[in-house]
């Protein structure tokens, strides 16, 4: 390289000759020469800058903060009792489990170093990582894991997660090894182990509902509590969380995440527009549309929820006639619900399995019929079935049994909650069905009254409601015949021995391909029997800061899942050479 530079310099004239040549320049020639020199210098600098840029990449840097508004008030910030959105959001940020769910829905070891599964899929053995700590710097031990799970199983505590751990025993092999023994294979077991682990030395006070640690939580997750602000009456205004340096997947980039709590969506949105918070979530489509038009950054993803019309044959005998249900399915304009009620924040679904469970979706033939053609087909089905319109335009059917004529009106009620999306959807469905001659009465209830006074005693003709399907195993609770009566969730009061067997087998089938085949069989049976008309799956709507980077939401089952990758979020960046980027956190 040295010889090369020497060669180039030798090609140039001597320094005194250059000075002598410049001295003979006219004034004009001198300025032209300076101009060319300036151009040469600027061009050289630009070339060097471009070369430098070609070797540079933008990398995330530590620092910055995010503030988020949430509707609700935290009460039980622990994995055992957390049931409200506010509680679950904080648990997601503060706690970590043996396994961690990624933003794409896959699982990866968290507190666990590894796990092994026996050949019969009944024994899961977990080995803990070295140097895993709670936020107070005390080590996470096998005893903490055993304590947490045994507390969930305690019938006195009544944890909402208790059902996930029934029939499972846990034992300690040594300080770093825990064994789970199942009575039967359980396809969703590994996902259960994402449960946040609690420090046993802080929770050995009964009852745990009265423990102060409920609002001063200590976990081993990506963020720890830095400050809690409370009103004079005790309600929590906000939690300021700070990144945890000893977090298993390295310290998060963002230094502080502050969660503010509001009594309703209106106050939450007001805080956003005033700049008090950067982000909000779980808002209605109408408010999302307004914010989108104002230029806010909106992220949304389909939730594993299936909303539909669930028919109660015991309450109204007309639903024993599949032709009526076929006509309803054809006559309801599902696209209008998506466009006019959800404002595009949702998708049409015709199946009992949510569309975001992609593995279970089959290649169905696309329906190329227009809505007008569907309506004509519905009217034709009803006409062939003997239904005729009376003088008021409503359908009736006259049958003769043993010489006695009986007239039946095609009339039923739809019971639903008073949430805006439900009541608006019910009105659209009523219009669609009355257009073909069905008489529909809408009964709207407060959600609490709907659950206690309508759903539990099964007092409805048709129920417009949603099923929350966080795992495919949840389908058992919604469709197995053993769940027809309260407290079961089979609101269609559906009975089919073949479907029962399919669901039972799928529940214990570990092999994914085999399990997919079983759920495909289940779906075909449901669509054939038509115990419900499936309508739509709504989107989770998240308004996030324009400065936030590293955010990913490819799969979501509950709103708190938005924080699964929070330790990868960042707001600050720096440019470094590519060869050094791998050393950046």
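How tilted is helix 371-384 with respect to the longest principal axis of the chain? Cα atoms for both, answer in degrees (0 to 90, nearest 10). With rounding to tens, the tilt is 20 degrees. Packing here is the average count of other Cβ atoms within 10 Å per residue, and on that basis the peptides 100-107, 291-298, highest first, run 100-107, 291-298. Across segment 425-520, Cα-Cα pairs more than 23 Å apart make up 41 percent of the total. For segment 305-539, a Kirkwood radius taken over Cα pairs fed into Stokes-Einstein (20 °C, viscosity 1.002 mPa s) yields D = 115 µm²/s.
On full extension, the segment bounded by residue 552 and residue 474 gains 25.5 nm, given 0.36 nm per residue less the C-alpha separation. Extension gain for the segment residue 156 to residue 301, taken as residue separation times 0.36 nm less the Cα-Cα distance, is 48.5 nm to one decimal. Between residue 226 and residue 501, the simple label model (points 7 Å from Cα in the Cβ direction) yields a spacing of 6.0 nm. Computed packing ranks the peptides 262-268, 434-440 as 434-440, 262-268, most packed first, by mean other Cβ atoms within 10 Å. With the largest listed first and rounded to whole Å, the semi-axes of the equivalent ellipsoid of segment 187-342 from the Cα gyration tensor are 41, 26, 18. Here the label points at residue 456 and residue 26, each 7 Å from Cα along the C-beta direction, are separated by 10.4 nm in the simple model.
For the chain, find the longest principal axis of its Cα atoms and tell me its angle to the long axis of helix 27-54, 0 to 90°, nearest 10. So the helix axis and the longest Cα principal axis differ by about 40 degrees.
Roughly what % of DSSP beta bridges within segment 305-539 run antiparallel, to the nearest 5? Bridges in segment 305-539 that DSSP calls antiparallel: roughly 70 percent. The value of relative contact order for segment 418-490, using C-alpha pairs under 8 Å at least six residues apart, is 23 percent.
Label positions at residue 485 and residue 574, each projected 7 Å from the Cα along the C-beta direction, are separated by 6.8 nm.
Could you please state, rounded to a whole Å, how far the C-alpha centre of segment 263-306 is from the C-alpha centre of segment 178-224? So the separation of the two Cα centres works out to 31 Å. Over the chain, with a single point scatterer placed on each C-alpha, what log10 of the ratio I(q)/I(0) does the Debye formula yield at q = 0.09 1/Å? The Cα Debye sum returns log10 ratios of -0.82. On the basis of the beta-carbon distance and an R0 of 56 Å, residue 389 and residue 106 show a calculated FRET efficiency of 0.55. Measuring max minus min along each principal axis, the C-alpha atoms of segment 514-559 give extents of 50, 27, 12 Å (largest first). Residues of segment 489-504 with an amide N closer than 18 Å to a point placed 7 Å from the Cα of residue 520 along the Cα-to-Cβ direction: 499, 502-503. Take every DSSP beta bridge whose two residues both sit in the chain; close to 80 percent of them are antiparallel.
What order, most packed first, do the peptides 541-548, 449-456, 166-173 have when packing is the mean number of other Cβ atoms within 10 Å of each residue? The partial results should precede the final answer.
Numbers: 541-548: 18.6, 449-456: 16.0, 166-173: 13.4.
Ranked from most to least packed, the peptides come out as 541-548, 449-456, 166-173.
If neighbour count is taken as other Cβ atoms inside 10 Å, put 148, 573 in order from fewest to most.
Working: 148 22, 573 15.
Neighbour counts put them in this order, fewest first: 573, 148.
Relative to the longest principal axis of the Cα atoms of the chain, helix 420-435 runs at roughly 50 degrees.
A short reminder: the numbers here are calculations on the coordinates, not readings from a lab. From a predicted model like this one, the values you see are computed outputs, not experimental measurements. Counting neighbours? That spans all protein chains shown, and the Cβs are built from the backbone with ideal geometry, glycine included.
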